[in-house]
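In what follows, a structure is listed as structure tokens, so that the remarks can point back to it.
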Amino acid sequence: MASNLDTLVTVFGGSGFLGRSVVRALAKRDYRIRVAVRRPELAGHLQPLGKVGQIHAVQANLRYPASVEAAMRDSHAAVNLVGILAEGGPQTFDAVQGLGAGAVAKAAGAVGARMVHVSAIGADENSQSRYGRSKAAGERAVLSAVPSATIMRPSVVFGPEDQFTNRFAALARMSPALPLIGGGATRLQPVYVGDVATAVADAVDGKTKPGATYELGGPEVLTMREIMEIILATIERQRMLISLPFGVAKFKALFLQFAPGQLKLTPDQVALLRSDNVVSDAARTAGLTLEGLGIVADSLEAIAPQYLWRFRASGQFQRKSA
């Protein structure tokens, strides 16, 4: 039986937030890892995650199938992590999350490689957001090309370099009030990036059911308001939480979609918040969850203090009702 040292895994999008954790998890299991990214010269930070020569970055752009095919050459498994939260130029939802996912799966199928595709719980062909519809299109394309592929649908992912908890913590540092779109009633199931990476590595190991879709959520279902309260308590800052109706939020997003950094908000992101983002009863019943894989999920309250400490205010924290 071949060892993992003889197995080459190509990870598309391996230099991003989730990618770093996935590469680390695979490296610990002694896989050889080819990281396929648009800018391989910017992926040097991955090298310390493995042994000398274990991790190698190559150029690939999901919008160009030939580059994807070249990246998959001689690979035994493919992991697709590429996704975007906002469109920009040619990087559209359909091009990246729909057609792009299909390009990876076709390349994997051509060389007989195992396929693991990371989608999102919000993937739904009837979603009000184009993000959700493109994620659903990507899943269909992947399973069409590789019927035995494993689909991973995480809820919102948090961790040290995320664009979720860090974003709101940064906003809290500069603003006396934070908006709660739709009143903050949307239910989420925040999942730790390390737990998602473990699930992906298990799929590469062959521990998942062929052709199955797994839904990955943390140990708690929280409303957006509860998440904001946890973040504020963690960084020891008191801020007003102001309800913002969906209609008003969508109007503001027409302008904020052009804003830089933490202030950016798109109409599509507002549409996403109209639906809960939690693990379904069907997935739990079928065992297609972190628990089904034997992974004990870490909570937001347990992990967030380990990296959000840098946003804490100086002086004594005084709790105040919003």
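The values are calculated or read from the model by the stated rules, or taken from the named source; none is laboratory data. Since the structure is predicted, the reported quantities are computational estimates derived from the model, not experimental observations. As a convention, Cβ positions derive from the backbone with ideal geometry for all residues, glycine included, and neighbour counts pool all protein chains shown. Note: areas computed on protein heavy atoms with side chains; ligands, DNA, RNA excluded. Shrake-Rupley method; radii C 1.70, N 1.55, O 1.52, S 1.80 Å.
Data table
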read-out: Helix axis angle, 165-174 relative to the chain longest principal axis, alpha carbon, degrees; value: 30 degrees
read-out: Cα convex hull of the range 18-130, projected area averaged across orientations, nm²; value: 7.5 nm²
read-out: Residue-by-residue Karplus 3J(HN,Hα) for the range 21-32, coefficients 6.51, -1.76, 1.60, Hz, glycine and proline x; value: 5, 5, 4, 4, 5, 5, 5, 5, 9, 6, 6, 7
read-out: The chain - share of DSSP beta bridges that are antiparallel (%, nearest 5); value: 10 percent
read-out: Amide proton proximity set for A60, modelled H, under 5 Å, gap of 5+; value: V37, R38
read-out: Proximal charge balance of I235 [Cβ under 9 Å; K/R count +1, D/E count -1]; value: +3
read-out: Karplus 3J(HN,Hα) series, Hz, for the range 214-228 with 6.51 cos²θ - 1.76 cosθ + 1.60 (x for Gly, Pro); value: 9, 10, 10, x, x, x, 10, 9, 10, 7, 4, 4, 5, 5, 4
read-out: Pair-distance profile P(r), taking every C-alpha pair of the range 218-297, with 5 angstrom steps and integer %; value: 3, 12, 15, 16, 17, 16, 11, 9, 2
read-out: For q = 0.13, 0.18, 0.22 Å⁻¹, Debye-computed log10 I/I(0) when each Cα of the range 88-158 counts as one equal scatterer; value: -0.35, -0.64, -0.90
read-out: Residues whose placed amide H lies under 5 Å from that of R114, excluding near-sequence neighbours; value: A77, A78
read-out: Accessible-area composition of the chain, carbon plus sulfur, in percent [1.4 Å probe]; value: 54 percent
read-out: Accessible surface, the range 1-91, averaged per residue in Å² (probe 1.4 Å); value: 49 Å²
read-out: Label-point separation, S175 to R187 (7 Å along Cα→Cβ), nm; value: 2.6 nm
read-out: Residue-count net charge about A78 - beta-carbon cut-off 14 Å; Lys, Arg +1, Asp, Glu -1; value: +3
read-out: Contour excess over end-to-end distance, with Cα ends at F246 and S280 and 0.36 nm allotted per residue; value: 9.8 nm
read-out: Calculated FRET value between S299 and Q262, using beta carbons and R₀ = 25 Å, to 0.05; value: 0.55
read-out: Counting DSSP beta bridges with both ends in the range 1-115, the antiparallel % (nearest 5); value: 5 percent
read-out: Estimated distance in nm for a label pair at E226 and D6, the labels positioned 7 Å out from Cα along Cα-to-Cβ; value: 4.9 nm
read-out: Relative packing of 39-46, 207-214, 134-141, 10-17, which averages over residues the other C-beta atoms within 10 Å, highest first; value: 10-17, 134-141, 207-214, 39-46
read-out: For the chain, radius of gyration divided by Kirkwood radius, i.e. Rg to Rh on alpha-carbons; value: 0.97
read-out: The range 184-322, accessible area per residue, ligands and nucleic acids excluded (1.4 Å, Å²); value: 50 Å²
read-out: Positive-end residue, the range 254-306 charge dipole about Cα centroid, Cβ charges, pick of Q262, A304, S275; value: Q262
read-out: Other-chain or far-sequence residues with amide H under 5 Å of T223's (modelled H); value: L188
read-out: If the convex hull is drawn through the Cα atoms of the range 1-53, its volume per residue in Å³; value: 71 Å³
read-out: Inter-site label distance for D124 and S148 at 7 Å from Cα along Cβ, in nm; value: 3.3 nm
read-out: Burial ranking of peptide ranges 220-226, 80-86, 104-110, 114-120 (average Cβ count within 10 Å, highest at the top); value: 114-120, 104-110, 80-86, 220-226
read-out: Cα-centred dipole magnitude for the chain, charges only on beta-carbon of K, R (+1) and D, E (-1), debye, nearest 20; value: 720 debye
read-out: Residue-by-residue Karplus 3J(HN,Hα) for the range 106-112, coefficients 6.51, -1.76, 1.60, Hz, glycine and proline x; value: 4, 5, 5, x, 5, 9, x
read-out: Environment charge at L180 (Cβ cut-off 14 Å; Lys +1, Arg +1, Asp -1, Glu -1); value: +3
